[in-house]
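Structure first, commentary second.
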Amino acid sequence: MRCIYILPIGSIHQPILRTVAQEITLRFNCRCKIIPSLEAPSYAFEPDREQYSSGKILKQILNNETLCSLLKGTVKILGIVDVDLCTPILTFVFGEAQLGGKAATVSLCRLRQEFYGLPPDPKLLLERAKKEALHELGHTFGLVHCSDPKCVMYFSNSVRNIDVKTDSFCRSCSMLLCENKQSERE
Ligand SMILES: [Zn+2]
Ligand SMILES: [Zn+2]
């Protein structure tokens with residue numbers, strides 16, 4: 001793995017990007033770089049749902065001209081957005097990734113306490129953002145959902161689930177991650 005790139009899509013608070021980048025470097029043991037942002041994802045807006053299509057955002061990352069030379073290498077790109085994401089079959093998603101691919105996206109929208117009518121909690125937001133970033137990137141390394149509720153690859157459909165899990169990969173996910181990283185290098 002040459003590098004994992006963090007791509008802000010729209011305006012994203014710098015300290016969040018930096019914290020997520022540090023966490024990625026630590027957990028995946030590779031370089032992580034924050035690259036210049038893309039414009040807000042108005043192209044992915046779904047008027048019927050008043051949400052944004054995570055699939056369209058992934059497509060935009062993969063087809064973006066400025067990113068195309070980066071994407072030729074052994075890299076991953078994690079797009080970070082601050083809009084509410086959905087897929088055709090799910091009412092919302094915290095993020096989406098290509099399984100064993102190069103692109104992933106994560107949204108901060110539903111990770112904020114304010115979304116649930118609660119007072120802001122910047123520290124909690126950072127914790128959640130780190131876990132969801134690792135989770136989606138884990139998918140790009142070929143990891144699927146894990147049955148261990150403490151493992152970062154556990155499927156979260158609520159912030160409660162996110163708060164229960166840790167920011168680490170369980171033993172079996174770690175082993176698989178290690179193997180898959182190895183084979184991507186070859
Ligand atoms: Zn997942
Ligand atoms: Zn696991």
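Among the residues of segment 136-157, which ones are of a type outside the set (A, V, I, L, M, F, W, C), more than 10 Å from ligand 2 (Cβ to nearest atom), out of contact with any Lys or Arg (no Cβ under 6 Å at 6 or more places or on another chain) and under 22 Å from Thr19 (Cα atoms)?
Glu136, His139, Ser156, listed by residue number.
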Practice item. Output yes when any residue across segment 6-15 is of a type outside the set (S, T, N, Q) and within 22 Å of Phe169 (Cβ to Cβ), and no when none is. Key: yes
Study note, to complete from the structure: Within segment 114-140, the residues that are free of Cβ contacts under 8 Å to residues at least 40 places away in the same chain, surrounded by fewer than 20 Cβ atoms within 10 Å (Cβ to Cβ) and either of a type in the set (Asp, Glu) or within 15 Å of Ser174 (Cβ to Cβ) (or both) are Glu114, Asp121
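Confirm whether Val81 is within 15 Å of the chain's Cα centre (by Cα) and at pLDDT below 95.
Taking the combined requirement at face value, the residue does not satisfy it.
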**Study point:** Filtered residue count, segment 99-113, keeping only those that are in contact with a His (Cβ under 9 Å, 6 or more places away or on another chain) and buried (at least 16 other Cβ atoms within 10 Å of the Cβ)
**Key:** 3
Exercise for review: Would you mind finding the one in Leu99, Leu70, Leu111 that is more than 11 Å from the chain's Cα centre (by Cα), within 16 Å of ligand 2 (Cβ to nearest atom) and touching a residue at least 40 places away in the same chain (Cβ under 8 Å)?
Suggested key: Leu99
Practice item. Could you list all residues from segment 141-181 that are among the small types (Gly, Ala, Ser), exposed (fewer than 13 other Cβ atoms within 10 Å of the Cβ) and over 13 Å from Arg128 (Cα atoms)? Key: Ser147
Review point. Applying the selection to segment 129-186, what residues are assigned to a helix (DSSP H, G or I), basic (Lys, Arg) and more than 14 Å from ligand 1 (Cβ to nearest atom)?
Key: Lys130, Arg160, Arg171, Lys181, Arg185
Check your understanding: Out of curiosity, is Ser156 among the small types (Gly, Ala, Ser) and under 23 Å from Gln60 (Cα atoms)?
Key -> no
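The values are calculated or read from the model by the stated rules, or taken from the named source; none is laboratory data. Quantities reported herein were computed from a predicted structural model and do not represent experimental measurements. Cβ sites come from the backbone with ideal geometry, for glycine too, and all protein chains shown count toward neighbours.
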